[in-house]
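Working notes, beginning with the structure itself.
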Amino acid sequence: MFSQAVIEKLKSYVYFLQDPRNNEIFYVGKGVGNRVFDHMECAIDINSETEKLDKIRAIVNSDNKVKYFILRHGLSKTVSFKVEAAVIDFIGMENLSNLQSGHYSNDFSIKTAEEISAMYEASELNTSKPILLININKLYRKDMSDNELYDCSGLKNLDTKIAL
């Protein structure tokens, strides 16, 4: 745990957790104070099963300790959101136990030049039809087919036809 003197100088920061058994980074986050250490407490105190907490428990059960790294500190809250999202994009959600890819990552994440052009040159959608938006978080991949995207949406179980 950080002392109060350290906490006051850290401000907002971006951190990552590393598995000492293989040196793989398994979680990236942002925080203030002792946030970087909260995951260990949750793994011990809470009986919830998540990929992150299960990984921490496995590390502890192997008589090892999670490695904590502060990637950037002295940041504003806004900048910490951007740095966290950029690091998650760089490492890749498929390599992390994060549930979300970071704030505004869909808008500002890694994109091809074609995707950037499409994003900023797209015309506004005007429709009178009802629209349903579904967030599939970690299941999304840029190279997904329409069928794969539909399968991830959870709509397959509904008696509704959706035009992709």
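Quick notes
- Matching residues in region 87-131 - criterion: being open to solvent by less than 100 Å² (accessible area, probe 1.4 Å) and under 10 Å from the mean Cα position of the chain (by Cα): Val87, Ile88, Asp89, Gly92, Met93, Leu96, Ser97, Asn98, Ser101, Gly102, His103, Ser105
- Here Tyr140 passes the criteria (1) open to solvent by 60 Å² or more (accessible area, probe 1.4 Å); (2) under 23 Å from Lys11 (Cβ atoms); (3) within 14 Å of the chain's Cα centre (by Cα); (4) not basic (Lys, Arg) except the one numbered (2).
- All positions within region 103-149 that are at pLDDT 90 or above and either touching a helix residue (DSSP H, G or I) at 6+ places or on another chain (Cβ under 8 Å) or of a type in the set (Lys, Arg) (or both): Lys129
- Taking each residue of region 55-76 that is under 14 Å from Leu17 (Cα atoms) and looking for partners that are polar (S, T, N, Q) with beta-carbon atoms closer than 6 Å, six or more apart or interchain, yields Lys55/Ser97; Lys67/Gln18.
- Residues of region 22-68 satisfying the condition of being among the β-branched types (Val, Ile, Thr), open to solvent by 50 Å² or more (accessible area, probe 1.4 Å) and either in contact with a His (Cβ under 9 Å, 6 or more places away or on another chain) or part of a helix (DSSP H, G or I) (or both): Ile44, Val60
- Residues within region 1-21 that are within 23 Å of Glu94 (Cα to Cα) and open to solvent by 60 Å² or more (accessible area, probe 1.4 Å), tallied: 1
The values are calculated or read from the model by the stated rules, or taken from the named source; none is laboratory data. On a predicted model such as this, the values are computed, not experimentally measured, just so you know. Here Cβ is always computed from backbone atoms with ideal geometry, including for glycine, and neighbour counts include all displayed protein chains. Remember, those area values only see protein heavy atoms, side chains included, never the ligands or the DNA or RNA. Shrake-Rupley method; radii C 1.70, N 1.55, O 1.52, S 1.80 Å.
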